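The values are calculated or read from the model by the stated rules, or taken from the named source; none is laboratory data. Note that this is a predicted model, so its numbers are computed, not measured. Glycine also receives a Cβ, built like all others from the backbone with ideal geometry; neighbour counts cover every protein chain displayed. We work out accessible area using only protein heavy atoms, side chains counted, and drop any ligands, DNA or RNA first. Shrake-Rupley method; radii C 1.70, N 1.55, O 1.52, S 1.80 Å.
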Amino acid sequence: MADEPQRHASGEDESANPNMERLQKIIAAAGLASRRRAEELIATGRVQVNGKVVTELGTKADPSRDHIRVDGKLLQGAERQRYFLINKPKGYVTTVSDPEGRHTVMELIPRGERVFPVGRLDYMSEGLLLLTNDGDLANALTRAASRVEKTYLVKVSGKPSEASIEQLRTGVMIDRGRIGTRPGERSASGKGRGKDRVMTAPAKIRLVRDAENPWYEMVLIEGRNRELRKMFEEIGHHVEKIRRVGYGPLVLDVEPGKLRELDLQEIEALKRAVQKKKPASSIAGRRAAQTRPSGDGRPGQNRADRPRSSAPRSSGSGAAAKQTRGTKSRGPAQRKRGLPKRGQ
């Protein structure tokens, strides 16, 4: 009868075993949960290593030798890392499950794929959403320090003044809690209490359709809860529609409810985006490596200032669409296809 494999002692010296990794990283790599969710599982006593319950977040283990169980289920090792870009429709929540029984973005993923959303789009917002089982990348993308740019098309009720738009560009104070029910109304939780208010980071804003209810392209480097809606409330305007059309180097290019896998170049571009931590004196400077300087330095001249395309790829043109995604320069007609037809 073969001897059982040797188990590590809980106090094994990390230097003696280079394969030791943090438990939350091992769990995320197995596709069971995001890194943050894995930390919650550990802290609540739902993880065992070699039969012992572990609650310390700094605990490490060797995934090739230790028996790691989550809720009694033995981990089977790291899954192949998968990366999906989906076009989230309105009326879906960005969670794995919903206690209220609403549709979740997981219904849009092929059955059997164990991935989770990176960040969130609120229930009534739509557009580009990334799902993966790569816990390291997901954690890096959602850190505030990553400063990865997210590009949105926003339809506003009424036309804000240029002075109001300039306020949004430089940053405004918004409530941390729930937003008001009327344009410009502040929540009761934030009223008169500075500790419940926070200053937004500077944003790039460009008018892309001038109308009674105009469309703006906005580029943010943070992802606070319902941030865009709160920003416009602060200047007295209600947001009617939000569509995310860009996430770092990714561009929305599938129809609502559809998805595609990222190619290797896109995955590497995302990883490079989160590795950039150089300080910059301006928003444009944060993407200096990805943008070309304009002749006069005015807003709207860099590639990051151009509207992203969210045009769906037609069937039979996958190669052409992929070539389009890798093209740095897009013509005016193509750049405007992210907007709906007039009147919508």
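Side notes on the structure shown:
- Kirkwood hydrodynamic radius of the range 34-145, from inverse mean 1/r over distinct Cα pairs, in Å: 15.7
- Other residues lying with their Cβ under 10 Å from the Cβ of residue 33 contribute a combined charge of +2, Lys and Arg counting +1, Asp and Glu -1.
- Here the Karplus curve 6.51 cos²θ - 1.76 cosθ + 1.60, taken at θ = phi - 60°, turns the phi angles of the range 19-36 into couplings of 7, 5, 9, 5, 4, 5, 6, 5, 5, 5, 5, 7, x, 7, 6, 5, 4, 5 Hz, with x standing for Gly and Pro.
- Net charge in the neighbourhood of residue 132 (other residues with Cβ under 12 Å of its Cβ; Lys, Arg +1, Asp, Glu -1) is -1.
- When all protein chains stay in place and ligands, DNA and RNA are ignored, the 1.4 Å accessible-area order of 173, 124, 106, largest first, is 124, 173, 106.
- Net charge of the neighbourhood of residue 198, taken over other residues with C-beta under 9 Å away and scored Lys/Arg +1, Asp/Glu -1, is +1.
- Scattering curve values for the range 66-131, log₁₀ I(q)/I(0), Debye with Cα scatterers, q = 0.19 Å⁻¹: -0.78
- Close amide H pairs (under 5 Å, H built 1.01 Å from N) link residue 104 with 93, residues at least 5 positions away or on another chain.
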